[in-house]
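The values are calculated or read from the model by the stated rules, or taken from the named source; none is laboratory data. Fair warning: this is a prediction, and the values are worked out from it, not measured in the lab. Don't worry about glycine lacking a Cβ; one is built from the backbone with ideal geometry, like all the others, and counts go over all protein chains shown.
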């Protein structure tokens, strides 16, 4: 009977370490993607400055840039005043994923829900990859249009 108890305790510790490793992985993914997101934010802000109503087709390019802007989670292009101090990007946006994943991972570790935590980590990785590619593509379209218009 004693061996069974020791084995159960050892399995419990192993599972706890796996949960903590998954939580660290979720945080590391967000940290690795942050420089890419920062670069996309800079590109978006440059385009916001450069898009003017004096070039043919600017309305379509504004919509395209606004789409990339929304996917990132920035305030709308057409918003004149900066957002207030309480502004937080939606968890459905690239800039909002990290906070949501961090909080959710903490909850899942506390509950011992390893499968759900693994799903969260995998989903985070997919959302960053797909979202970054989408934003990069849309910004590239606007940048190419601007370069051709000059």
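Miscellaneous remarks
- Restricting attention to region 131-150, the residues that are without any contact (Cβ under 8 Å) to a residue 24 or more places away in the chain and under 23 Å from residue 90 (Cβ atoms) add up to 2.
- Flag if residue 56 is loosely packed, with under 11 Cβ neighbours inside 10 Å, modelled with pLDDT of 90 or more and closer than 30 Å to residue 149 by Cβ: no
- Taking residues in region 31-49 that are farther than 16 Å from residue 140 by Cα, and partners anywhere that are assigned to a helix (DSSP H, G or I) and at pLDDT 95 or above, the pairs with Cβ atoms closer than 6 Å and at least 6 places apart or on different chains are 33/128.
- Close pairs (8 angstrom Cβ cut-off, 6 or more residues apart or separate chains): free of Cβ contacts under 8 Å to residues at least 60 places away in the same chain and at negative phi in region 75-87, surrounded by fewer than 10 Cβ atoms within 10 Å (Cβ to Cβ) and in a loop (DSSP other than H, G, I, E, B) anywhere: 75/82
- Qualifying residue in region 113-123 (condition: within 24 Å of residue 21 (Cβ to Cβ), at pLDDT 95 or above, out of contact with any strand residue (DSSP E or B) (no Cβ under 8 Å at 6 or more places or on another chain) and not in a helix (DSSP H, G or I)): yes
- Filtered residues of region 30-53 (kept if surrounded by 15 or more Cβ atoms within 10 Å (Cβ to Cβ) and within 20 Å of the chain's Cα centre (by Cα)): 30, 33, 37, 40, 41, 43, 44
- Verdict on residue 109 being in a helix (DSSP H, G or I), more than 17 Å from the chain's Cα centre (by Cα), crowded, with 17+ Cβ neighbours inside 10 Å and at pLDDT 95 or above: yes
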